[in-house]
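S.K.: The structure that follows is given in the form of structure tokens.
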Amino acid sequence: MKFDSIIIGGGVAGLSCAIRCAEAGMKTAVIAAGQSALHFSSGSVDVLSRLPNGEQVNEPFASFGELKTQCPSHPYSKLGELQCREAINWYQDVMARCGVYLTAQADEKNHYRVTPMGTFRSTWLSQQTVHQFPQDRLAEGFTEIALVTVDGFRDFQPQLAADNLSKLSAFEGVKIKTAAVELPDFDNMQRNPCEFRSIDISRVLRDETKLHAFAKSMIQQVGKADLVVLPAVFGNGDGAATIKLLEGLTGFKICELPTMPPSLLGIRLEEAMKSHYKHLGGLILAGDEVLSGEFDNHRLAKIFTRNHEDIPLVADHFLLASGSFFSKGLSAQRHEVSEPIFGLDMADSTHRDHWYQPQFFTPQSHPFMKMGIDCNNQLNPSINNQVINNLYCAGAILAHYDPVQEGSGSGVAISTGYYVAQQMINVHQHQEQHPTETLPKQERTTA
Ligand SMILES: Cc1cc2nc3c(=O)[nH]c(=O)nc-3n(C[C@H](O)[C@H](O)[C@H](O)COP(=O)(O)OP(=O)(O)OC[C@H]3O[C@@H](n4cnc5c(N)ncnc54)[C@H](O)[C@@H]3O)c2cc1C
């Protein structure tokens with residue numbers, strides 16, 4: 001099977017690249033072995049909340065210069081501010097076309113989203129159903145906030161969140177109350193006192209009759225509130241529409257907060273990206289896994305997957321966006337960290353004693369979080385220092401950044417995925433305009 005571009009990995013990095021390639025008319029395939037990190041994420045897009053030295057960032061894009069000084073090999077330092085902005089703006093447009101409206105604050109500052117613990121996390125873009133708390137005006141406009149859960153839902157304890165919120169000086173004078181709303185048919189469904197996950201509840205509330213009953217019960221339980229905060233338990237890809245309906249039925253302003261996986265807010269982004277990509281004519285080989293590849297003259301010529309062991313998949317361009325340890329894009333043995341498909345060169349291979357900080361909670365990064373593939377400025381990796389020209393890396397597999405400590409996960413994934421796609425598109429369009437020009441002569445070697 002021959003494609004213009006093959007993307008290995010169905011997370012936000014892989015799908016961003018795939019959508020951009022498909023938009024440009026390239027014949028594109030995505031191979032995704034399993035779930036992406038989006039199933040565990042808040043569904044907000046972090047761009048940059050902290051510099052490598054631990055300093056807090058309020059305006060992410062304005063901090064790119066300082067980031068480059070502190071970490072010249074950071075993916076953002078390779079792309080530059082303009083490329084990253086272009087990518088994030090493009091992503092917002094794509095998602096808006098899918099009905100998921102991601103917005104930032106007008107003043108170019110990060111905003112806060114509330115967590116299930118009643119604490120705040122800084123981020124850049126949030127979905128329309130997530131309340132954006134401005135950094136310096138956290139409780140502005142509120143006199144009464146209700147934290148509401150669903151009876152039997154095990155992943156959100158509103159009292160704990162309320163206790164933490166009320167400790168913050170910004171919420172002094174704001175009444176914070178809690179409530180638990182019964183799920184229609186709860187008695188018939190419940191097998192133990194604490195058994196529902198978000199996805200179970202979303203299935204029940206897809207039924208409009210049950211949503212009406214839920215709304216009625218919610219009005220009774222909550223009474224009056226300027227803002228009702230509910231865990232993200234609506235829809236599976238299409239929850240925003242359900243919340244709009246619930247707001248209409250109750251008259252409340254409702255916002256969602258992400259809880260434990262499966263994160264319906266993250267899944268909403270993934271579903272929107274996948275359906276848009278398929279709508280553009282892209283192919284997804286879900287549940288298949290890339291096992292190996294063959295190289296010709298410093299180019300990746302073909303790959304083999306678990307389901308296509310005998311039939312190679314061939315493409316002009318490849319992206320490796322297989323994630324970090326979490327998604328098995330990187331593999332840790334006792335004394336070595338490696339990339340398991342092609343054996344690409346890793347950034348650092350220090351002794352395992354230096355993989356982590358002695359203190360678990362530390363403002364600085366644990367070094368293993370920054371491990372990954374070392375790439376050139378075009379994001380091409382190498383094998384034994386030999387650059388592979390038509391293979392690129394994007395997202396969490398890249399070295400030199402820590403998505404958790406910096407709060408930069410989806411921002412790096414989207415911008416590097418987009419950046420790689422732009423390079424693939426440029427070469428593809430050049431080849432279409434000059435069909436007689438051939439790619440470098442292919443000498444067969446297996447990596
Ligand atoms: C628990 C958690 C919570 C997070 N929360 C946030 C957040 O709230 N906001 C934010 O901005 N960032 C967050 N991040 C970071 C961010 O989600 C990740 O950095 C980003 O999603 C990485 O995307 P990715 O596409 O590079 O990799 P992943 O999402 O990890 O996707 C990798 C994909 O590659 C596939 N794959 C792996 N090996 C193969 C193979 N051999 N063949 C085929 N497919 C393969 C995997 O199955 C998976 O589909 C979070 C990360 C984690 C782990």
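Read-outs: derived from the displayed coordinates by stated rules, not from any lab. Being a predicted model, the structure only gives us computed values, none of them experimental. With ideal geometry, Cβ positions are generated from the backbone for all residues, glycine too; neighbour counts draw on all protein chains shown.
S.K.: For the range 72-86 and the range 378-412, what is the separation of their Cα centres, given in Å?
M.R.: 12 Å
S.K.: Modelled label-to-label distance, residue 336 and residue 283, 7 Å Cα→beta-carbon offset: nm?
M.R.: 3.4 nm
S.K.: Now, a different point. Which whole-number percentage describes the relative contact order of the range 131-257, with Cα contacts under 8 Å and a sequence gap of 6 or more? Spell out each step's value before the answer.
M.R.: Numbers: 188 pairs, mean separation 37.7, N = 127.
Result for the range 131-257 is 30 percent.
S.K.: Once each part is reduced to its C-alpha centroid, what is the distance from the range 306-351 to the range 118-181 in angstrom?
M.R.: So the two Cα centres are separated by 40 Å.
S.K.: Let me ask something else about it. Suppose we keep just the DSSP beta bridges with both residues in the chain; what percent of those would be antiparallel, to 5? If you can, show how the numbers build up before the last one.
M.R.: Numbers: 25 of 58 bridges.
So the antiparallel bridges in the chain amount to around 45 percent.
S.K.: Now for a separate question. So who's got an amide H within less than 5 Å of the one on residue 296, skipping anything under 5 residues away but keeping other chains? H placed 1.01 Å off N, in plane.
M.R.: Distant-sequence amide H within range of residue 296: 301, 445.
S.K.: Here's another thing I want to ask about it. Residue 27's amide H: which non-local residues (gap 5+, or another chain) put their own amide H closer than 5 Å, with H modeled 1.01 Å from N in plane and none for Pro or chain starts?
M.R.: Excluding prolines and chain starts, which carry no amide H, the hits are 4, 5.
S.K.: Just to check I understand the Karplus step: with θ = phi - 60° and J = 6.51 cos²θ - 1.76 cosθ + 1.60, what whole-Hz values come out for the range 403-409, glycine and proline as x?
M.R.: x, 7, 5, 7, x, 9, x
S.K.: I would also like to ask the following. Rounded, prolate or oblate: which one fits the range 69-136, using the alpha carbon gyration tensor with axes a ≥ b ≥ c (rounded when a/c is under 1.5, else prolate when a/b beats b/c, else oblate)? Intermediate results must be reported in sequence, preceding the final value.
M.R.: Details: a/c = 2.30, a/b = 1.27, b/c = 1.82.
Note, shape of the range 69-136 comes out oblate.
S.K.: Could you name the lysines whose alpha carbon sits less than 16 Å from that of residue 302, not counting residues in the same chain fewer than 8 places away?
M.R.: Filter leaves 2, 27, 441.
S.K.: May I pose another question? Could you rank the peptides 119-125, 45-51, 429-435 by their average count of other C-beta atoms within 10 Å per residue, with the highest value first? Walk me through the numbers before you get to the answer.
M.R.: Numbers: 119-125: 20.9, 45-51: 23.6, 429-435: 10.4.
Ranked from most to least packed, the peptides come out as 45-51, 119-125, 429-435.
S.K.: Let me ask something else. Using a 10 Å cut-off on Cβ atoms, rank the peptides 152-161, 397-406 from the highest mean neighbour count down.
M.R.: Working: 152-161: 19.0, 397-406: 22.6.
Output ranking for 152-161, 397-406: 397-406, 152-161.
S.K.: Another question, if that's okay. Rounded if a/c is under 1.5, else prolate if a/b beats b/c, else oblate: with a ≥ b ≥ c from the C-alpha gyration tensor eigenvalues square-rooted, which is the range 143-183?
M.R.: Details: a/c = 4.71, a/b = 2.03, b/c = 2.32.
Because a/c hits 1.5 or more and a/b fails to exceed b/c, the range 143-183 counts as oblate.
S.K.: Tell me the label-point distance for the pair residue 260, residue 431, using the 7 Å Cα-to-Cβ offset, in nm and rounded to one decimal.
M.R.: Modelled inter-label distance: 4.8 nm.
S.K.: Going by alpha carbons, how many degrees (0 to 90, nearest 10) lie between the helix axis of 264-279 and the longest principal axis of the chain?
M.R.: 50 degrees
S.K.: A further question follows. Once amide H atoms are built 1.01 Å from N in the peptide plane, which residues 5 or more positions from residue 315, or in another chain, come under 5 Å H to H?
M.R.: It is 3, by chain and number.
S.K.: Residue by residue through the range 212-223, which ³J(HN,Hα) values in whole Hz follow from phi under the Karplus form 6.51 cos²θ - 1.76 cosθ + 1.60 (θ = phi - 60°), with glycine and proline marked x?
M.R.: Per-residue couplings from phi come out as 4, 5, 5, 4, 4, 5, 5, 4, 5, 6, 8, x Hz.
S.K.: Of the residues 242, 350, 149, which exhibits the maximal mean-square fluctuation in a Gaussian network model of the chain defined by a 10 Å Cα contact cut-off?
M.R.: Answer for the Gaussian network model of the chain: 350.
S.K.: Sort the chain into rounded, prolate or oblate with this rule: let a ≥ b ≥ c be the square roots of the eigenvalues of the Cα gyration tensor; rounded if a/c is under 1.5, and if a/c is not under 1.5, prolate when a/b is larger than b/c, oblate otherwise. Write down the numbers at each step before the final one.
M.R.: On the way: a/c = 2.04, a/b = 1.67, b/c = 1.22.
Prolate is the answer for the chain, as a/c is 1.5 or above and a/b outweighs b/c.
S.K.: Can you pull a Stokes-Einstein diffusion coefficient for the range 324-401 at 20 °C (1.002 mPa s), Rh from Kirkwood over Cα pairs, as a whole number of µm²/s?
M.R.: Numbers: Rh = 13.1 Å.
In µm²/s, the coefficient is 164.
S.K.: On to the next question. Show me, for the range 45-54, the HN-Hα J-couplings you get by feeding each phi into the Karplus relation (A = 6.51, B = -1.76, C = 1.60, θ = phi - 60°), rounded to Hz, glycine and proline as x.
M.R.: Listing the rounded values in order: 9, 7, 9, 6, 10, 8, 7, x, 7, x Hz.
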